[in-house]
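Some notes on the structure that comes next.
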Amino acid sequence: MWRGLRTVDLGLASQQSKLIQHQWRFAFMSGVTSSDFSDHLDTHGPLLVGAWKLVSFIVTDRNGIILSMPMGTQPSGLVIYAADGHMSAHLRDPQRRTSSASVSEFMNSSQVDAESIAMNHPYIGYCGTYCLEDDQVIHHVQVASVPEWIGGNQVRNFALRENVLTLCCPAKWDGSGIRLPYLTWERIRPAESPAGATVAP
């Protein structure tokens, strides 16, 4: 069920689209969040520690209808949460090699939210520290490909179910309705050497 998000495509038939909408709703609404493990969490959130690869980046309206896929149908990305409170996130659209808006409404946009940036640039990267507050993970940005993000916070609501992490960016009003960006990540197993031994961090 979860794996289906890998094959999201803007040309999906109505039935397939409804299935995908159900998948991300299930992921976010029934996910395990930080408050469910309050007795076992410190502010650096051991639940999130590790490396995660990007499965999908979608933007929906309040009814779950997919409005856009800012990093394309097969995005590439990696986010790492370290036990010492540092983090690093990288996202890219493998189909785009230059910085150009894929949707006319985002061209020459001065907005610096995640969706607008992704529509105008094939790559987003930033790193810094992080902490957990209730059901949010707060990224304190120190270095970023988006200058406006440096020194500020990127706040994400999160839900965790087994090895799938869903991050929800702040909602945005675009004049016609609410836009909700969701990023789905899958935990990466520890790297192994050719001999099969786990590589030391």
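Condition check ((1) at pLDDT 95 or above; (2) not charged (D, E, K, R)) across all residues:
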position: N153; (1), (2): yes, yes
position: L160; (1), (2): no, yes
position: L165; (1), (2): yes, yes
position: K172; (1), (2): no, no
position: R179; (1), (2): no, no
position: T184; (1), (2): yes, yes
position: G196; (1), (2): no, yes
position: V199; (1), (2): no, yes
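If only one of H44, H86, H22 is at pLDDT below 55, of a type outside the set (A, V, I, L, M) and either over 14 Å from the mean Cα position of the chain (by Cα) or surrounded by fewer than 18 Cβ atoms within 10 Å (Cβ to Cβ) (or both), which one is it? Break it down stepwise before answering.
Details: H44 fails: at pLDDT below 55; H86 fails: at pLDDT below 55.
Result of the check over H44, H86, H22: H22.
Collect the residues in region 148-164 that are β-branched (V, I, T) and assigned to a strand (DSSP E or B), keeping them in residue-number order. Please lay out each step first, then the result.
Filtering region 148-164 for residues β-branched (V, I, T) gives 150, 155, 164.
Answer for region 148-164, where residues must be β-branched (V, I, T) and assigned to a strand (DSSP E or B): V155, V164.
In region 105-123, what residues are assigned to a loop (DSSP other than H, G, I, E, B) and either modelled with pLDDT under 60 or in contact with a Leu (Cβ under 8 Å, 6 or more places away or on another chain) (or both)? Outline the logic, then answer.
Restricting attention to region 105-123, the residues satisfying the condition of being assigned to a loop (DSSP other than H, G, I, E, B) are 107-113, 121-122.
M107, N108, S109, S110 - these are the residues of region 105-123 that are assigned to a loop (DSSP other than H, G, I, E, B) and either modelled with pLDDT under 60 or in contact with a Leu (Cβ under 8 Å, 6 or more places away or on another chain) (or both).
Starting from residues that are of a type outside the set (S, T, N, Q), assigned to a strand (DSSP E or B) and surrounded by 13 or more Cβ atoms within 10 Å (Cβ to Cβ), keep the ones in region 179-192 and report whichever is nearest to the chain's Cα centre (by Cα).
Going residue by residue through region 179-192, those that are of a type outside the set (S, T, N, Q) are 179-183, 185-192.
Pick out the ones that are also assigned to a strand (DSSP E or B) and you get 179-183, 185-187, 192.
Keeping just the survivors that are surrounded by 13 or more Cβ atoms within 10 Å (Cβ to Cβ) gives 179-183, 185-187.
Details: R179: 15, L180: 12, P181: 8, Y182: 6, L183: 3, W185: 7, E186: 10, R187: 12 Å.
That would be L183.
Going through region 131-147 one residue at a time, which ones are over 15 Å from the mean Cα position of the chain (by Cα) and part of a strand (DSSP E or B)?
If the condition is that a residue be over 15 Å from the mean Cα position of the chain (by Cα) and part of a strand (DSSP E or B), then C131, L132, E133, H140, V141, Q142, V143, A144 are the ones that fit.
Can you confirm whether A159 is within 25 Å of D61 (Cβ to Cβ) and touching a Phe, Trp or Tyr at 6+ places or on another chain (Cβ under 7 Å)?
Numbers: within 25 Å of D61 (Cβ to Cβ): yes; touching a Phe, Trp or Tyr at 6+ places or on another chain (Cβ under 7 Å): yes.
Taking the combined requirement at face value, the residue satisfies it.
Is region 55-68 home to any residue that is modelled with pLDDT under 95, basic (K, R) and surrounded by fewer than 17 Cβ atoms within 10 Å (Cβ to Cβ)?
yes
The values are calculated or read from the model by the stated rules, or taken from the named source; none is laboratory data. These numbers come from a predicted model, not from an experiment. So basically every Cβ, Gly included, is an ideal-geometry build from the backbone, and we count neighbours across all protein chains shown.
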